[in-house]
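*Asks:* My structure is below; once you've seen it, I'll send some questions.
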Amino acid sequence: MKVLVVGKGGREHAIITALHESPTETEIYSFPGSDAIFELAKQVEADGVASLVSYMTENGMDLCVAGEESYLVKDGGLANACAAAGIPCWGPPKEAAQLEASKEFAKEFMIRHGIPTGGYASVNSVEEARAAIGGKYPTVLKFDGLAAGKGVAVCLEEASAEEFLEEVLGQRKFGEGRLLVEEFLEGPEISIFASVVDSEYQILAPARDYKRIYDADEGPNTGGMGAVSSLEMFEGDLRAVIDETIVSPTVEGLQRDGLPYRGFLYFGLMLTEQGPKVIEYNCRFGDPEAEAVLPIIEGDFASYVFAGAKGDLQPDLIQFADGWSICLVSASAGYPASSRSGDVISGLDEVEGARVFHAGTRQNDAGDFETAGGRVLVVVAQGDTREEAVAKVYRESEKVRFDGLQRRTDIGTRNF
Ligand code: AMP
Ligand code: GLY
């Protein structure tokens, strides 16, 4: 099977590894990829969705897997272009991908289909925003457009809200676009993933990620500093409640709205006292959650994704290992405000019994990996218990070193 994976980060390294280790033989291609990924996949060069799909057609690709979200809505949509070329794609068309690309579209979808989520108002000026906040804090402000992960502010008091409003609606830091004022939800968060194939779906092992840069969930938000996954996180009837109140109505809603969907669908949930509520949808796997979840998938992941992309969900092709899987991010100096590149990474060969996925590295002229981004690499390990997995992932991560390295010390312990 010839498969092309779109994306270049730790998530795509994990997806490509899972495809590579599947019993079905695969020939893997990667765009845009990374030096670490090119150890398993052939590099493809393209300058957009159209040229990428032409490449796939010319080279007889059987399957396209969308790792990251941006291509789903770019240039007419990756899945739309694949469909036109007759190539099965794991990742939804641009119409359904609005669930991630537009926060207002997602809110309207949830309200239309009775899916629990926080209340909100959509505004376009500082005055309207102030009126919607109504002096009630904490409040949550979200820019409704692409903002490289910096468009959300959870504001505990007026001063921080005013500062964010001034940047986003005053100075238009992210350009034109509306702003959502959202009800502040409280509770532990959980990341739920489903493989959706039209009207059918399968819920995968859940995960929890750690978004803040510092221990104890302090400091600015990042792309994620680590994640934990285990079927044991589905305590009591949690899985059934999430399925019944959120996943099932979402898949039905997509059908009712005439939005075909094949691919991973990610539900960011807050487990509030009134039950689980949706914070956001993402039309892809989570990052770094993928790095924790994919290593515990057993079976034939490649055939599973290929069948799904062709419209045939086959849940029995994969199983989830018991126990716990934890991934720990090593980030570069300055992250998340900035990131430093060019610090040589040592100790990669010493890691044993754990995997290393590369998020932001490159090979220098001497052939050594060095930092090339904010989140540099992710070490992931498993254990029968959470404590065992924590001990292992920390022991192995500590073997990896580079100047300026930042790593949290409470991944897998905090919030449990
Ligand atoms: P988002 O980009 O929408 O996932 O938001 C990023 C993070 O902000 C979430 O993972 C939450 O930790 C926090 N957040 C977003 N929306 C809310 C909300 N309505 N109430 C409380 N926290 C939120
Ligand atoms: N881990 C959060 C995300 O992938 O958006």
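*Asks:* Could you sort the peptides 392-402, 240-250, 96-106 by per-residue average Cβ neighbour count (10 Å cutoff), highest mean leading?
*Replies:* 96-106, 392-402, 240-250
*Asks:* Extension gain Asp198-Glu235, at 0.36 nm per residue separation less the Cα-Cα distance, in nm?
*Replies:* Full-extension gain reported as 10.5 nm.
*Asks:* Label points 7 Å out from Cα along the Cβ direction at Glu58 and Glu298: separation in nm?
*Replies:* A separation of 4.3 nm, rounded to one decimal place.
*Asks:* Taking the Cα centre of region 241-394 as origin and charging only Cβ (+1 Lys, Arg; -1 Asp, Glu), how large is the dipole, in debye to the nearest 20?
*Replies:* 540
*Asks:* OK, next. Would you be so kind as to identify which of Thr57, Ile87, Phe105 lies farthest towards the positive end of the dipole of region 38-107, taking Lys and Arg as +1 and Asp and Glu as -1 on Cβ and the Cα centre as origin?
*Replies:* Result: Phe105, furthest along the dipole toward the positive end.
*Asks:* Placing unit charges on C-beta atoms (Lys and Arg positive, Asp and Glu negative, everything else neutral), compute the dipole magnitude of region 238-297 about its Cα centre in debye, rounded to 20. Walk me through the numbers on the way to the answer.
*Replies:* Numbers: 5 positive and 9 negative charges, 32 e Å.
The dipole of region 238-297 has a size of about 160 debye.
*Asks:* Can you put Ser199, Ser338 in order of Cβ neighbours within 10 angstrom, beginning with the fewest? Please report the intermediate quantities before stating the final value.
*Replies:* Working: Ser199 12, Ser338 9.
Listed from fewest to most nearby Cβ atoms, that is Ser338, Ser199.
*Asks:* Scan around Val351 for amide H atoms under 5 Å from its own, H built in the peptide plane at 1.01 Å from N, and keep only partners 5 or more places away or cross-chain.
*Replies:* Amide H neighbours of Val351, under 5 Å, 5+ apart: none.
*Asks:* Any lysines with Cα under 17 Å of the Lys310 Cα? List them, leaving off those in the same chain fewer than 8 positions away.
*Replies:* Those lysines meeting the cut-off are Lys2.
*Asks:* Once each part is reduced to its C-alpha centroid, what is the distance from region 331-354 to region 136-214 in angstrom?
*Replies:* Result: 27 Å between the Cα centres.
*Asks:* Based on the alpha carbons, how large is the Rg to Rh ratio for the chain when Rh follows Kirkwood?
*Replies:* That ratio is 0.95, to two decimals.
*Asks:* Working only with C-alpha atoms, what are the Rg and Dmax values of region 207-283, expressed in angstrom?
*Replies:* Spelled out, the Cα radius of gyration and Dmax of region 207-283 are 14.7, 44 Å.
*Asks:* By average Cβ neighbour count within 10 Å, what is the ranking of 3-9, 14-20 from highest down?
*Replies:* 3-9, 14-20
*Asks:* How many nm separate the modelled label positions at Phe320 and Ala83, each set 7 Å beyond the Cα in the direction of the Cβ?
*Replies:* So the label points at Phe320 and Ala83 sit 2.9 nm apart.
*Asks:* For region 321-329, what does the Karplus curve 6.51 cos²θ - 1.76 cosθ + 1.60, with θ = phi - 60°, yield as ³J(HN,Hα) per residue in whole Hz, taken in order and with x for Gly and Pro?
*Replies:* 5, 5, x, 10, 10, 10, 10, 10, 8
*Asks:* Using only DSSP helix segments of four residues or longer, with each worth -39500 (n - 2.57), what per-residue ellipticity at 222 nm results for the chain after dividing by its residue count and rounding to 500?
*Replies:* That calculation yields -6500 deg cm²/dmol at 222 nm.
*Asks:* Among the lysines, select those whose C-alpha is under 25 Å from the C-alpha of Lys103, and discard any that sit fewer than 8 residues away in the same chain.
*Replies:* Answer for Lys103, where 25 Å is the Cα cut-off: Lys8, Lys74, Lys94, Lys136, Lys142, Lys150, Lys173, Lys211, Lys277, listed by chain and number.
*Asks:* Follow-up. Do you know the relative contact order of the chain, to the nearest whole percent, from alpha carbon pairs under 8 angstrom that are 6+ apart?
*Replies:* This gives 17 percent for the chain.
*Asks:* Which peptide among 287-297, 136-146 comes first, and what is the full order, when sorted by highest mean count of other Cβ atoms within 10 Å?
*Replies:* In descending order of packing, they fall as 287-297, 136-146.
*Asks:* Now for a different question. Measure out, as a whole number of angstrom, how far apart the alpha-carbon centroids of region 50-113 and region 250-269 sit.
*Replies:* Using only Cα atoms, the two centres lie 13 Å from each other.
*Asks:* Compute the whole-percent fraction of alpha carbon pairs in region 42-118 spaced more than 15 Å apart.
*Replies:* 57
*Asks:* When the dipole is taken about the Cα centre of the chain, and only Lys, Arg (+1) and Asp, Glu (-1) are charged at their Cβ, what size is it in debye, to the nearest 20?
*Replies:* Details: 37 positive and 68 negative charges, 123 e Å.
Value, rounded to 20: 600 debye.
*Asks:* Same structure, new question: Between Asn364 and Asp257, what FRET efficiency comes out of the Förster formula 1/(1 + (r/R0)^6) with R0 = 60 Å and r the beta carbon distance, rounded to 0.05?
*Replies:* Calculated transfer efficiency: 0.75.
*Asks:* Further question on the same structure: Residue farthest toward the positive end of the dipole of region 303-390, with Cβ of Lys/Arg at +1 and Asp/Glu at -1: which of Ala337, Val379, Cys327?
*Replies:* In region 303-390, that residue is Ala337.
*Asks:* Along the positive direction of the dipole of the chain (beta-carbon charges: Lys, Arg +1; Asp, Glu -1; about the Cα centre), which of Ala216, Leu141, Phe38 reaches farthest?
*Replies:* Looking along the dipole axis, the top candidate is Leu141.
Taken together, the values in this text are just the output of simple stated rules run on the coordinates, not laboratory data. All figures in this text were calculated on a predicted structure; none of them were measured in a lab. Ideal geometry is used to build each Cβ from the backbone, glycine not excepted, and the neighbour counts take in all protein chains shown.
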